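In what follows, a structure is listed as structure tokens, so that the remarks can point back to it.
Nothing in this text is a laboratory measurement; each read-out follows from the coordinates by a stated rule. Note that the structure is a prediction, hence the values are computed from the model and not measured. Cβ: placed from backbone, ideal geometry, glycine included. Neighbour counts: every protein chain shown.
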């Protein structure tokens, strides 16, 4: 039997895609029986610290959807979620399939599954909101770009943080920083942020199960690059010169790919890929505010 990684529906071996949500099916034996992908709820006391978030504003001007990156978590957007909600928008932070559980479960993640999931959530929310802003971090930026092209009638803005067109995973700076974090104390704020915002359990078998999902990134970058000229909504892009994983040169590629859309770049200098200083978090929040009000005025 095969099982859908999103809604856990079982089907026979001849069926390739889930009849309910369109996600590609995998053999059920690859999924632990106790694994459940939770539906979005408004409950704040969820025992799963990486649970997806949905907060409906009583006088919502629209919806901002947050899409995390590779191995990321909805909780990494906590501060920006609160800020956006206080601006009068409903907020939703997705948990991508393959995330929020074991390394084995993460190994089932594929780019097609992630994109279909994001697309299906936008379709679901479009019944309630006609003004949707997509916010992505790292890999989440790629999913947001593709979704904005597919749903121009619903998606009216993109807020992209550390868009990963050019990566620096094995640069001397990145290696030095990882080595430094490995020997840092557990209460080190940077080390703490990286561990708390990682939704995949880093068990000894992680490196093995990480291979196939990692290979998906290059394919996703290529698809998003091709989609850039098709983007028709305002874009705000945030990059840090201190980011150890994403090159600031990604900004040039992003700007050259976009054609004739309102664009704002925000360059910060002290924040890392998954850790933002309080001062630069405020800069990011103000950038989000400008995009939201620009969207309302058009």
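Residue separation times 0.36 nm, minus the C-alpha to C-alpha distance between residue 208 and residue 120: what's the value?
28.7 nm
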Span from the the stretch 208-267 Cα centroid across to the the stretch 126-157 one, whole angstrom: 14 Å
Please list 139-148, 51-60 highest first by mean number of surrounding beta-carbon atoms within 10 Å per residue. 139-148, 51-60
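Kindly rank 90-101, 185-196 from highest to lowest mean number of other beta carbons found within 10 Å of each residue.
For the peptides 90-101, 185-196, the packing ranking is 90-101, 185-196.
Pairs of Cα atoms under 8 Å, at least six residues apart: use those to get the relative contact order of the stretch 51-128, whole percent. Spell out each step's value before the answer.
Numbers: 100 pairs, mean separation 25.1, N = 78.
Computed over the stretch 51-128, the figure is 32 percent.
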With the contact rule set at Cα under 8 Å and sequence spacing of 6 or more, what percent relative contact order holds for the stretch 37-297? 20 percent
Which of the peptides 280-287, 244-251, 176-183 is most tightly packed, and how do the rest follow, judged by the mean count of other Cβ atoms within 10 Å per residue? 244-251, 280-287, 176-183
